[in-house]
1. Does Val252 satisfy the condition of being surrounded by 15 or more Cβ atoms within 10 Å (Cβ to Cβ), closer than 17 Å to Phe47 by Cα and out of contact with any His (no Cβ under 6 Å at 6 or more places or on another chain)?
2. Could you tell me whether Ser242 is of a type in the set (Ser, Thr, Tyr), in contact with a Lys or Arg (Cβ under 7 Å, 6 or more places away or on another chain) and closer than 24 Å to Ala208 by Cβ?
3. For residues in segment 164-186 being without any contact (Cβ under 8 Å) to a residue 40 or more places away in the chain and at negative phi, which is surrounded by the fewest Cβ atoms within 10 Å (Cβ to Cβ)?
4. Does any residue of segment 265-276 turn out to be at pLDDT 85 or above, under 26 Å from Gly248 (Cα atoms), of a type outside the set (Phe, Trp, Tyr) and surrounded by 15 or more Cβ atoms within 10 Å (Cβ to Cβ)?
5. Going by the conditions given, is Ala103 more than 30 Å from Leu241 (Cα to Cα), among the aliphatic types (A, V, I, L, M), modelled with pLDDT under 90 and buried (at least 16 other Cβ atoms within 10 Å of the Cβ)?
6. Give segment 55-90 a look and list any residue that's open to solvent by 10 Å² or more (accessible area, probe 1.4 Å) and either under 23 Å from Trp207 (Cβ atoms) or modelled with pLDDT of 80 or more (or both), or say none.
7. Identify the single condition in (1) closer than 30 Å to Gln317 by Cα; (2) at pLDDT 85 or above; (3) in a loop (DSSP other than H, G, I, E, B) that Phe189 does not satisfy, given that it satisfies every other one.
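The values are calculated or read from the model by the stated rules, or taken from the named source; none is laboratory data. Treat the numbers as computed from the prediction; the structure is a model and nothing was measured. We place every Cβ from the backbone using ideal geometry, glycine too, and count neighbours over all the protein chains shown. Accessible surface areas use protein heavy atoms only, side chains included; no ligands, DNA or RNA. Shrake-Rupley method; radii C 1.70, N 1.55, O 1.52, S 1.80 Å.
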Amino acid sequence: MKAAFAGMLLTVVGAYGATDPQLVGLMMPDAKVMTGLQVADCQATAFGQFLLKQIPANAGLDNFVAATGFDPRQDLSAIIAASAGDNRWLIAGRGTFQAVRTAGLAEMAGATVTRYKGVDLITGNPNNGGPNRPNRANPNRAGGRPNGAAAASAAPVNAVAFLDSSTVLIGEVQLIKSAVDRHAAGTVFNGPLAVKAQDISAQNQAWAATLTGAADLLSGLNGSPTATGPMANVLQAITGLSLGVQLGGANVTLSGEAATRSNQDAQALVDVVHFLMGMAQANRKDPQGGNVAAMVDATSVSASGASVRLTVTVPEQQLEQLFPTKPGLKKISLPAR
């Protein structure tokens, strides 16, 4: 249930405005990366409407909306997600929820609802699939893995929890419990990453920020060893990143800033970006490559001391061409707010 619900939340495009400080405050104190979407005014932007229309027809989503009365395309106003760089994410959402009804329906469907410090934790039924599903061919194995010690190392249990009628938490049970503990104690995440999140979200509708090295972050999130080679050397020079997307009336602007170890590293990164831009421009005659080349033409990248700044501003209609409509997409018409 968590995966489906989280997927629905993350398919929604953000809208303009500073992020919700209370949602940021729920994040873990050792967070290394944070991303967010402000969704309340999504319908006011042309590109936001376009992306909403790209959501495929989904009977599961329709049934979820009918059963709970909650439509993430309309009732969700903000999303914050954070990770400590260990491939585990805590997601917090702001919206209008019918928490009691949702918990009851989930329990009727086979989910487990447990109480933790006054908050319902909704976890999926392991017998409905996943790594803990019993293996009929060998009852001593679960999902193809041996029980016992191996079962203890199986995928972590995920959950959905409603702090109140307007706040939802999604993630691993222990991450949610820790967030509930912080909420109950009045502890608020307010480190440098929180400040950076507030700054970048004030200028953008969708954003991401990290204060850790790009190579270490990618390694942690992918669960794989740090890569080697020329590109790995470039990534290791990056000590922090921030990215933002601003949806305007006619244009969409992507902006980014990378902090590096030194002025020399910053210039080397600019040189690599220029090289990649040149490769994209060389494919201008290709139909799809032509759209990318046009975006590259609108890209500005420069070094300022040990920082690298990148800006891309493209017409909204041109950006739409990178998302060709596929058969079976559901055309969603949402009522005006």
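1. Spelling it out, Val252 is indeed surrounded by 15 or more Cβ atoms within 10 Å (Cβ to Cβ), closer than 17 Å to Phe47 by Cα and out of contact with any His (no Cβ under 6 Å at 6 or more places or on another chain).
2. Working: of a type in the set (Ser, Thr, Tyr): yes; in contact with a Lys or Arg (Cβ under 7 Å, 6 or more places away or on another chain): yes; closer than 24 Å to Ala208 by Cβ: yes.
In short, yes.
3. Ala185
4. Looking for residues that are at pLDDT 85 or above, under 26 Å from Gly248 (Cα atoms), of a type outside the set (Phe, Trp, Tyr) and surrounded by 15 or more Cβ atoms within 10 Å (Cβ to Cβ), one finds at least one in segment 265-276, hence yes.
5. Working: more than 30 Å from Leu241 (Cα to Cα): yes; among the aliphatic types (A, V, I, L, M): yes; modelled with pLDDT under 90: yes; buried (at least 16 other Cβ atoms within 10 Å of the Cβ): yes.
Yes; evaluated as a whole, the condition is true for this residue.
6. Passing the criteria: Ile55, Arg73, Gln74, Asp75, Ser77, Ala84, Gly85, Asp86, Asn87, Arg88, Trp89.
7. (1) is the only condition that Phe189 fails.
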